[in-house]
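The values are calculated or read from the model by the stated rules, or taken from the named source; none is laboratory data. For clarity, every value in this text was computed on a predicted model and none was experimentally measured. Please note: Cβ atoms are built from the backbone with ideal geometry, for glycine as well, and neighbour counts cover all protein chains shown. Protein only, heavy atoms only, side chains kept; ligands, DNA and RNA dropped before computing areas. Shrake-Rupley method; radii C 1.70, N 1.55, O 1.52, S 1.80 Å.
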Amino acid sequence: TLLSSLPPCDSLTSDVVSYLVSREIIDCIQTTCAKTTHLKDEGECSVLVNSLELLSACCVAMTTPNLPISTSPPKTDPSQLIETLVFTKACNIITLLYGVLLYDGPKRSTPPLSPSTQRVVRQCLQTLLNISRFSLHTLQFVMDNEGMSMEMRHVCSYILCSASLHSYTDILDTCVQLIGCVVFLHPSNQALLQNGPSPSILQLLSSLPFSYFSDKQSMNLLFPTLISACYECPSNLAILQEKVNKVMLISYLKDQLKDKADSHINLYPRPTFQQALKFLESPT
């Protein structure tokens with residue numbers, strides 16, 4: 001509540017976040033996430049959700065509003081939040097998701113998630129998304145690790161399957177956006193989308209419900225992620241085109257570039273969309 005009432009990136013805001021970091025609150029959140037293998041009760045669920053809400057609020061408070069995402073590391077971080085996120089591997093949130101969803105190993109089926117599990121998954125994804133908006137470089141660096149990328153591949157595959165099957169729309173939306181951020185202009189993370197047993201993450205993305213290819217709001221979530229997945233990556237583009245014609249992405253990009261008022265394209269640097277359009281229009 002205090003953080004949300006303060007101006008973003010204000011000196012007082014930075015002091016509050018710095019105090020939380022110095023008191024090792026973020027480290028405590030990481031410890032809680034790392035030791036959770038499955039949810040035991042509603043009380044444990046509430047502790048996890050409240051802890052992640054605090055971390056998420058810190059990231060939002062330190063994020064400059066209305067700026068396109070950037071893969072460059074921040075020039076300064078007076079709060080030392082970035083250093084702490086790197087040291088704690090983004091508070092081991094991906095490991096928490098792996099423990100909650102796949103603690104007994106990969107599953108042959110995707111049963112419905114309990115309400116408690118949905119709450120934790122929803123908050124985990126939103127917190128990771130807010131970390132990416134605060135410092136995309138930090139999240140991409142953390143995920144560009146063999147063990148972490150393997151966990152993320154399993155977690156995202158499972159969430160995409162479960163959320164599509166059981167219509168957890170908000171969870172699915174956030175997961176799609178998060179994947180797009182992790183792979184944005186990052187070749188080694190792009191490779192994550194085609195690794196592993198079939199269906200890969202990229203195949204799952206290209207098989208999402210029809211609304212993601214017809215409804216404008218849903219397209220604004222999925223299509224930038226597909227573009228990020230395939231930009232300057234011919235192997236990913238080839239996999240995608242097994243299900244999705246790249247003409248759809250080209251048409252989407254042209255429409256977005258015409259509409260400067262569109263709030264979603266403003267999330268990405270405009271030159272990147274222009275370069276992506278050039279890549280997609282080139283002969284394959």
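Name the one entry in I179, I159, I171 that is part of a helix (DSSP H, G or I), under 21 Å from I69 (Cα atoms) and touching a residue at least 40 places away in the same chain (Cβ under 8 Å).
Answer to the check: I179.
As an exercise: evaluate V244 against (1) open to solvent by less than 60 Å² (accessible area, probe 1.4 Å); (2) under 23 Å from V155 (Cα atoms) and give the number of the one condition it does not meet.
Unmet for V244, out of (1) open to solvent by less than 60 Å² (accessible area, probe 1.4 Å); (2) under 23 Å from V155 (Cα atoms): (2).
Could you please let me know if S200 is open to solvent by 10 Å² or more (accessible area, probe 1.4 Å) and closer than 17 Å to C161 by Cβ?
It is false that S200 is open to solvent by 10 Å² or more (accessible area, probe 1.4 Å) and closer than 17 Å to C161 by Cβ.
For a quick check of your reading: which helices (runs of 4 or more DSSP H) sit entirely within segment 1-76 and have at least 1 residues that are within 30 Å of S228 (Cα to Cα)?
Those helices (runs of 4 or more DSSP H) span 25-35, 42-61.
Could you please let me know if L185 is at pLDDT below 95 and outside any helix (DSSP H, G or I)?
The answer is yes for L185.
Of everything in segment 203-237, what is surrounded by fewer than 18 Cβ atoms within 10 Å (Cβ to Cβ) and not polar (S, T, N, Q)? Give them in sequence order.
Within segment 203-237, P209, F210, F213, D215, K216, E232, P234 meet the criteria.
Suppose the filter is over 30 Å from H186 (Cα atoms) and modelled with pLDDT of 80 or more; does E53 pass it?
It is false that E53 is over 30 Å from H186 (Cα atoms) and modelled with pLDDT of 80 or more.
Do we have any residue at all in segment 90-97 that's in contact (Cβ under 8 Å) with a residue 12 or more places away in the chain, part of a loop (DSSP other than H, G, I, E, B) and open to solvent by less than 20 Å² (accessible area, probe 1.4 Å)?
Within segment 90-97, none of the residues are in contact (Cβ under 8 Å) with a residue 12 or more places away in the chain, part of a loop (DSSP other than H, G, I, E, B) and open to solvent by less than 20 Å² (accessible area, probe 1.4 Å).
Filter segment 214-242 down to residues that are in contact with a helix residue (DSSP H, G or I) (Cβ under 7 Å, 6 or more places away or on another chain) and on the phi < 0 side of the Ramachandran plot, then give me how many there are.
18
Name every residue in segment 124-169 that is within 29 Å of A61 (Cα to Cα), of a type outside the set (S, T, Y) and open to solvent by 50 Å² or more (accessible area, probe 1.4 Å), in order of residue number.
If the condition is that a residue be within 29 Å of A61 (Cα to Cα), of a type outside the set (S, T, Y) and open to solvent by 50 Å² or more (accessible area, probe 1.4 Å), then Q126, R133, H137, F141, D144, N145 are the ones that fit.
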